[in-house]
Structure formats: C-alpha cells, structure tokens
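Notes follow the structure.
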Amino acid sequence: MNAETVSHRFSMSKSTLAIFLLIILEGYVVLSSELLAIRLSIPFVGSGTDTVSVIIAAVLMPLAFGYYAGGHFKPGTYFDLFSGSHRYITVREKLIRNMIFALLFLLLAISYSFLHWLLISAFSMGFTHRVLVTAFYSALFIAPPVYLLGQTIPLACNFFSKDKLSKITGRILFFSTLGSFLGAVFSTIVLMATIGVNYTAALNFIILAILITMLSKPEAYMRTILVWTLALAGVVFNSNTALKTHAIIENNQYNTIAVRQYRDQRHLVINNNGSSMYSKDGRKYPYIEFIERIAINPIAAENLEPKDVLVLGAGAFTLGADDEYNHYDFVDIDENLKDIAEKHILKRPIGENKTFHPMPARAFLNETEKQYDLIVLDAYSGAITIPEHMITVEFFRTVKAKLKPDGKVIANMAVSPSFLTSISQRVDNTMRAVFPHMSRHVIHEEYTLWDDDEANLGNVMYIYRHQDDEDRSTIYTDVKNSSFIDRPRHRP
C-alpha cells in the first residue's frame with residue numbers, strides 16, 4: 001500500500017468521522033431544544049401533560065417531515081434568500097443554510113428573555129388559553145428549526161457511497177440516537193443542573209456555529225464570522241447578567257427562581273408564582289401566618305411536647321422560620337432552595353431544628369419510616385403549576401400513612417374559593433375521599449361569597465356551598481388523571 005493510498009484512506013476516515021459527528025450533534029440539539037422549550041415554558045403555561053404534549057408534537061411531526069424533505073432534495077438551482085436570486089445549491093450548502101436558519105429560530109425559541117416577552121405579550125392581549133398559546137409558540141419557533149435540522153440525516157447520506165449505504169445505515173441511526181440520548185440526559189441531568197438552563201441553551205447555539213464552520217469552505221469566512229457573531233450574541237442574551245434584568249438568580253432543571261424586593265418585603269418567586277415572602281419585621285404570607293397561628297404557635301405557648309412537622313414544598317423555609325421549639329423536615333426537589341432562602345430571603349441560616357431533604361415528595365414519603373404530628377402540603381403555589389402527581393388519591397393516602405395517631409394535615413391550594421372550576425371541585429372530592437370531615441378556610445382578603453369570577457383564586461386551607469351541578473364522584477388516580485384538562489384553561 002503506497003503513501004498516496006494511505007493518505008486517501010485517512011482523508012476518507014476523517015470525512016466519515018466528521019459526518020457522524022454532524023449526525024450526533026444534530027440529534028443532541030433537537031432533543032436538547034425540545035426539553036429546553038418544555039422547561040422554559042413552565043413559568044408561563046405550566047407543566048401539565050397538555051402543554052408538554054403540544055411541544056413534543058411540534059418536534060415529532062416536523063422531524064418526520066424533515067426526514068422526508070431531506071430525502072427528496074436534489075442539488076440544483078434554487079432561489080437563494082441570501083442573495084435574492086437563483087443559484088446552484090449543493091448538499092453541503094443546503095446543510096449549511098438549514099443550520100443557519102435553525103440557529104436564527106432557536107436564538108428566539110429557547111431564550112428566556114424573548115419567551116418572556118412573547119408569552120406575556122400574548123396574555124396581555126387576551127390570548128390566555130394556555131394550550132393555544134403553547135401551540136402558537138411551538139408552531140412559530142419550535143417546528144421550523146426542527147424541520148430544518150431533521151433534514152440532516154438524509155442529506156448526510158449523500159456523502160456515502162450508494163454501495164455502502166445499506167451497510168452504514170445502522171451506524172447512522174446509532175449515532176443519531178446517541179445524539180438524542182445525550183440531548184435528553186446529558187443536557188438535563190448534567191448541564192441544566194450545573195451551568196443552568198440559560199447556558200445549556202447557549203451551548204446549542206455554539207454547537208450549531210461549530211457545525212456550520214465545519215461544513216463551510218475557507219472562502220466563506222464572512223458568513224462564518226456572521227454565524228459566530230449570532231451565536232455569541234445568543235450567549236450574551238442568555239447570560240446570568242441578562243437574567244438579572246428579570247430578577248432571576250437561579251434557572252435550573254426544576255425552577256426559574258427570582259427574588260424581588262417590595263419595600264421592606266423580600267419575595268421568592270418560583271416559575272412566576274409567588275412562593276414565599278419575608279419582611280424585615282418577620283411578616284409572611286397570610287396563609288403561612290394562619291398555619292402558624294392555629295398549628296405552630298400554640299405548641300410552645302401551651303407547653304406541649306415538641307412536635308414533628310413535615311413540610312412538602314419548602315419555598316423559602318418561612319413556615320416556622322422563628323420557631324426553635326419543634327422539629328421540622330422540609331422536602332423539595334430543588335436543592336438550591338436552601339441556599340437561596342438563607343442568602344436572599346431569611347438573611348440567616350435555617351435553624352438547627354430544621355432539616356432539608358432535596359428530593360421528590362413522593363419518593364421521600366415512600367422511603368421514610370418516620371411519622372409526623374403535622375404534615376403541611378404547600379407545593380400548590382400556582383393555579384397552572386399544580387403538580388399532577390401530588391393531587392391523586394394515592395398520594396394523599398401515602399401522606400395519611402405518615403401521620404401519628406393524633407396527627408394533622410394542612411394543605412394550601414390555589415383554587416377557586418367558591419368551587420367555580422372543575423379542578424377546585426375534584427381536588428376537594430379527592431382529598432375528602434382520603435381525609436373525611438376536612439374543614440376548608442379561604443385566606444383571601446377580597447373574597448366574597450358573591451364573587452362569580454372563575455379566575456379569582458385564593459389560598460384555600462383545606463365550609464359547603466350547594467350547587468346543583470356539583471361533581472361528587474370524580475377523583476384523580478395514578479392511572480386515570482385528567483387534572484391537566486380540568487385545570488383553568490386560561491391564565492388568571
């Protein structure tokens with residue numbers, strides 16, 4: 001074998017490696033962008049199955065059409081948007097153009113600041129139906145880049161010999177799936193947890209810029225410079241500094257967390273929902289003060305034995321923040337909440353009588369053998385972000401099993417005080433199926449029995465108002481859960 005043959009094979013090997021790298025990174029960007037779109041939209045439209053399914057559909061169908069369109073592309077003369085005239089487009093040029101346009105769409109689709117402006121503008125103009133707003137966003141900004149990137153695999157097949165294509169198809173699908181796997185797992189478990197959602201999105205811009213540079217010829221350096229300018233602008237647009245303009249201090253795989261100061265009050269806002277408030281003189285949200293007044297303060301005041309208190313939904317640890325008498329276990333999935341609360345809200349460490357368990361609520365309940373005198377359910381802070389898995393009869397049964405013989409449960413629900421919505425009725429049905437004879441207290445200064453506005457929600461601390469169309473039978477279960485349909489269809 002002569003030197004020329006060795007050099008040719010080495011060059012072919014490098015080209016093949018570059019193509020497989022292209023396929024891996026394309027698969028990563030598509031799946032990562034899908035998850036980023038789902039995660040970034042949660043503060044605005046919620047995390048229900050309905051909105052998530054819309055975004056998934058906006059990825060799968062355009063991806064399928066992209067495969068089809070890419071397989072039918074033939075090099076030839078086409079109208080060129082860049083020059084405004086017709087010119088000959090090769091497979092390489094088609095790939096480059098697809099990625100440039102995909103980059104332009106994704107710069108908007110997965111950037112928090114733009115998404116905040118888009119969806120808040122839609123809501124303010126009266127477009128408040130969560131699913132329709134999600135569909136609008138997905139159709140305009142998610143479907144187009146996925147369609148363009150979906151053409152990558154069939155277009156890349158043109159670089160392989162027709163004789164070897166059948167043998168190499170398995171490898172192509174393997175590397176494409178590998179890229180999708182990395183986009184689904186690495187971007188969420190590793191990147192969103194370490195560098196944040198915003199920089200995970202920025203990485204996708206960098207990846208596309210790298211692919212465009214890899215495919216471009218040296219003489220197209222001006223276009224390469226423009227692409228990198230766009231990608232780096234996306235990094236700046238998604239930087240922590242940019243997020244601070246929205247008062248956001250944390251943007252991880254679970255929550256977008258902001259801290260806002262109103263006069264002497266410090267507010268913790270999680271996914272655009274007010275989660276906790278603490279003032280300089282120790283005041284808190286009225287429902288927290290209500291719980292402390294009826295359940296926490298009397299324990300020490302009446303010289304009772306210290307109680308074991310479980311709080312599901314930590315927020316900023318304001319419940320019992322000044323109580324050093326009882327023992328608390330706080331459970332929340334976001335491990336960053338403790339540091340944020342201590343640094344920005346409480347301005348001091350939580351007490352030694354308080355333990356934080358950063359894990360899912362149902363996982364904690366299934367693992368712990370401890371029983372409690374008081375269990376506080378405070379994970380339902382927003383009307384559109386009610387966790388579906390925490391309003392089922394199975395969940396409430398698990399909670400009940402962790403009570404001591406004389407234990408108490410207090411749940412804070414952000415629902416219609418007058419049972420004017422399906423979810424307010426069915427949550428009540430579900431809870432009473434497990435906890436009979438519950439009382440129900442409305443913590444809402446402006447609420448009246450004559451208020452017929454379905455969007456007027458309040459803190460309801462779980463008492464009867466007769467209605468001819470009451471639903472007394474439907475409950476949510478793990479296998480039949482329509483909460484995503486029953487929740488308010490319009491953003492309050």
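Most tightly packed first, judged by the mean number of other beta-carbon atoms within 10 Å of their residues, the peptides 126-132, 37-43, 365-371, 145-151 read 145-151, 37-43, 126-132, 365-371. Can you find, among T224, H344, L304, the residue farthest towards the positive end of the dipole of the chain? Put +1 on the C-beta of Lys and Arg, -1 on that of Asp and Glu. Working it through, the farthest residue towards the positive pole turns out to be T224.
Once the other residues with Cβ under 15 Å from the Cβ of I212 are scored (Lys, Arg +1; Asp, Glu -1), what is the net sum?
The answer is +2.
Reducing the stretch 138-154 and the stretch 258-320 to their Cα centroids gives an inter-centroid distance of 46 Å. A simple count of charges around P358, restricted to other residues whose Cβ falls under 10 Å of its Cβ and scoring Lys, Arg +1 and Asp, Glu -1, yields -2.
Summing charges over all other residues whose Cβ lies under 10 Å from the Cβ of Y476, with Lys and Arg as +1 and Asp and Glu as -1, gives -2. Ordering A401, A316, L140 by Cα displacement along the dipole of the chain toward the positive end leaves L140 in first place; charges were set at the Cβ atoms of Lys, Arg (+1) and Asp, Glu (-1). Since only A433, Y278, A69 are under comparison, the one whose Cα sits farthest along the positive direction of the charge dipole of the chain, derived from C-beta charges on Lys, Arg, Asp and Glu, is A69. When Rg and Dmax of the Cα atoms in Å is calculated for this entry, the matching label among [x] 27.0, 95; [y] 26.2, 77; [z] 22.0, 72 is [x]. Computed per residue of the chain from DSSP H runs no shorter than four, each worth -39500 (n - 2.57), the mean residue ellipticity at 222 nm is -15000 deg cm²/dmol.
Bear in mind these aren't lab numbers, they're just calculated from the coordinates by the rules spelled out. As the structure is a prediction and not an experimental result, all values here were calculated from the model. Ideal geometry is used to build each Cβ from the backbone, glycine not excepted, and the neighbour counts take in all protein chains shown.
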